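A.B. asks: Let me begin by handing over the structure; questions about it come next.
The values are calculated or read from the model by the stated rules, or taken from the named source; none is laboratory data. None of the values given here were measured: they were computed from a predicted structure. So basically every Cβ, Gly included, is an ideal-geometry build from the backbone, and we count neighbours across all protein chains shown. The accessibility values were calculated without ligands, DNA or RNA, using every heavy atom of the protein model including side chains. Shrake-Rupley method; radii C 1.70, N 1.55, O 1.52, S 1.80 Å.
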Amino acid sequence: MIGKPIYGNGFRGCLSYLTRGRQRKNPERVEWSSTRNLGRLDAQGDAKEIGRIMRATANLSSRTKKPVLHLPVSWTKEDAPNLDREKMERIADRLLKELGLENHQAAIYAHNDTGHKHIHILVNRIDPETGRAWSTSRDWQRINKVLADEERELGLDLVDHWGVDFERDLERVKERIERDDLDIEGPKPSEGELQQALKENRVPDIPFEKSQLKDLRDLIGVDFSEAASWKDLEDRLGAKGYTLMPKGQGAIITDGRQVAKLSQMGRGVRLSALEEGFGKSYREWTQCRALGLSHMQGTSPRIEDREVTGRFYIWDDIGEGVNCPLREPL
């Protein structure tokens, strides 16, 4: 079972394709269809009205440039005897639930114009109640996990999904590097990053595309200017599905699948400027956070009795039960 998310701006064009085909001449290819959170509208017969409603909802978020999520899901020919509408809708509904889209407007179409069973799920990324856009963070990983779980539970062909098993992903990356046949859709890691990842026994960092960077800056750029501390910044980013991670002598931003440099978040967003504003280096912050968490979990002795980098520290509370060594005792 394969699922590939596609993002766009046009509801009407996508609905036209799903209901009538590329030339608008093949409505017979729709075997069945259904809707979610669209009242009594019929996915096939009321496509124009669905498009108008989805567009009106999308307009609640003026900053979201691509409110359309189009998610095709396909199965192998061997799976066909084990699939019926009930099972395909079950998979669609589980995807919507696990992705956090169960309250969003959606239309589902099953097509019969290829040699294998497949459905298309069209979802409005804008929540009709809050007006906020659904985050695409780790979308591939979340989708693949649901598909892998459903394959096992329904007895379908097992696909070697990316993003479900880290050890398996790392093994595949090594194999592809060794045979010089890395063929990844979308942005690709640099040759230097591939070699460094191999040395460090990890999956290589994949950069955000240029078009994604603009959306990312629009989403989190303000957090860098408004945050009052490293903890405040990480809390703000975490609420939107992103986090900072140390890399080399600096830091990167990641959603768990792709990465961006701090400097790509806008003019003035630099590690040195953040460190000056927060009064603490990022390296010190990550060290004290790790020590604080281990202290909370009881895996390290009291800090007054522990030597850290040649000095003894006392603990200062930084909120929410997390302590951090900030200064030497007198």
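A.B. asks: Return the pair list, or none, for Cβ contacts closer than 7 Å from residues in the stretch 266-279 that are in contact (Cβ under 8 Å) with a residue 24 or more places away in the chain to residues that are open to solvent by less than 50 Å² (accessible area, probe 1.4 Å) and not in a helix (DSSP H, G or I), at least 6 apart or on different chains.
C.D. replies: F278/S229
A.B. asks: Next question, about the same structure. Take the residues in the stretch 54-69 that are surrounded by 18 or more Cβ atoms within 10 Å (Cβ to Cβ) and not hydroxyl-bearing (S, T, Y), then tell me which one is farthest from the chain's Cα centre (by Cα).
C.D. replies: Checking each candidate, the answer is M54.
A.B. asks: Could you list, ordered by first residue, the pairs with Cβ atoms under 9 Å in which the first is in the stretch 139-164 and within 14 Å of L71 (Cβ to Cβ) and the second is open to solvent by less than 50 Å² (accessible area, probe 1.4 Å) and among the acidic types (D, E), at least 6 apart or interchain?
C.D. replies: D139/D255
A.B. asks: Only one residue in I53, I91, I6 is touching a helix residue (DSSP H, G or I) at 6+ places or on another chain (Cβ under 6 Å) and in contact (Cβ under 8 Å) with a residue 24 or more places away in the chain, so which one is that?
C.D. replies: It is I91.
A.B. asks: Here is a check on your reading of the model: is V259 crowded, with 18+ Cβ neighbours inside 10 Å and assigned to a loop (DSSP other than H, G, I, E, B)?
C.D. replies: Judged against the criteria, V259 is not a match.
A.B. asks: Still on this model: Give me the helices (runs of 4 or more DSSP H) completely within the stretch 149-226, filtered to those with at least 2 residues that are modelled with pLDDT of 65 or more and in contact with a Gly (Cβ under 7 Å, 6 or more places away or on another chain), ordered by residue number.
C.D. replies: In the stretch 149-226, 210-226 are the helices (runs of 4 or more DSSP H) which contain 2 or more residues that are modelled with pLDDT of 65 or more and in contact with a Gly (Cβ under 7 Å, 6 or more places away or on another chain).
A.B. asks: While we're looking at this one, here's another question. Can you name the residue in the stretch 264-288 that is in a loop (DSSP other than H, G, I, E, B) and among the basic types (K, R) and is also farthest from L233 (Cα to Cα) among such residues?
C.D. replies: Here the residue is R267.
A.B. asks: Something else about it: What is the residue count in the stretch 97-119 for residues that are under 17 Å from S74 (Cα atoms) and either of a type in the set (V, I, T) or open to solvent by 10 Å² or more (accessible area, probe 1.4 Å) (or both)?
C.D. replies: Looking only at that region, the number is 9.
A.B. asks: Also, I was wondering about something else. Restricting to the stretch 241-256, count the residues that are open to solvent by 50 Å² or more (accessible area, probe 1.4 Å) and either at pLDDT 85 or above or in a strand (DSSP E or B) (or both).
C.D. replies: The number of residues fulfilling the criteria is 4.
A.B. asks: Which residues, counting only those in the stretch 26-56, are of a type in the set (D, E) and part of a loop (DSSP other than H, G, I, E, B)?
C.D. replies: D42, D46
A.B. asks: Sort out which residues of the stretch 209-240 are within 17 Å of the chain's Cα centre (by Cα), open to solvent by less than 20 Å² (accessible area, probe 1.4 Å) and touching a residue at least 40 places away in the same chain (Cβ under 8 Å), and write them in order of number.
C.D. replies: Across the stretch 209-240, the qualifying residues are L213, L216, I220.
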